[in-house]
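Undergrad: Handing you a structure now.
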Amino acid sequence: MIKINLLPQELRKKKKTPFFDKFFVYVFLGLVLALALLWFQTQQQQAEIETLENEIARVTAEIQRYQRQVELANEVQILRDKIAVRIDAMKSLEIQRPFWVKTFEEFAGIIPEFLWIDEFIEVEKIVTIKGTSYNLKGVANFIAGLIHSEFFSDIRLNFIRESAAAGNVTQYNYELSGNVVFASAERYSGEFIEQKEDGVIVAEEPISIPEPPQPLGREALEREKETTLEAVRKIPPEPPTE
């Protein structure tokens, strides 16, 4: 039998879409949207990665380009440090040179007759003197002269030994030690002048104006007899001659 719906269109029953079908439609649309967002983010991150890789490649190329300049700069710095050490050593030598000139002038004036020096060694302000004399009096006068000198201090007699020289001549080998008084070097060292242009050192030269020392040596022996006697007491008496 044929059924005919004679109701108007607005009164007719609408056919219902099953809820299950709508759920799958919404899920599908959500997945599509999520995939679209994921693809967009992936493309964006890929673009950022490519930008970073290009920047890294550019920086690496710059580093390689300037690597030689960096090595040269390091070599120049090492060379400058070595030159600075040498300049400091030269300054020290130039400043101490007048002092050593005066020291050896004074030392030469102290040496008495019939006495000579075999070794003069200075290590870290400690001086060791070895020599020979034909008599004990010469050694005593030498010790006294060193005691009076402003360039030496704490003079000690380490040993003195009798020995025979050619022609049956008696001689004495001795060794002294003491300190070099570098504090007196300031009186003779002067100054070390640095010439600069635009803050750069172009020349360095010492300017020394030594001050003449006070009378020392044998004149001091005459003025200070007590010190001389103290030096003589350190020397054993000469053996009686037959």
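Undergrad: Give the residue that is farthest from Ile117 (Cα to Cα), with candidates limited to residues of segment 130-153 that are of a type in the set (D, E, K, R) and either at pLDDT below 90 or out of contact with any strand residue (DSSP E or B) (no Cβ under 8 Å at 6 or more places or on another chain) (or both).
TA: The qualifying residue farthest from Ile117 (Cα to Cα) is Glu150.
Undergrad: I would also like to ask the following. Pick out the one residue from Glu10, Glu50, Glu94 that is at pLDDT 85 or above and of a type in the set (Asp, Glu).
TA: Glu50
Undergrad: Continuing with this model, one more query. Consider Ile56 carefully, then state whether it is more than 30 Å from His148 (Cα to Cα) and either surrounded by fewer than 14 Cβ atoms within 10 Å (Cβ to Cβ) or not acidic (Asp, Glu) (or both).
TA: In short, yes.
Undergrad: With the requirement that a residue be aromatic (Phe, Trp, Tyr) and over 22 Å from Val169 (Cβ atoms), what does segment 105-155 give you?
TA: Matches in segment 105-155: Phe107, Phe120, Phe151, Phe152.
Undergrad: In segment 80-119, how many are within 29 Å of the chain's Cα centre (by Cα) and of a type outside the set (S, T, N, Q)?
TA: 20
The values are calculated or read from the model by the stated rules, or taken from the named source; none is laboratory data. Keep in mind it's a predicted model, so treat the numbers as computed, not measured. All Cβ positions, glycine included, derive from the backbone under ideal geometry; neighbour counts span all protein chains shown.
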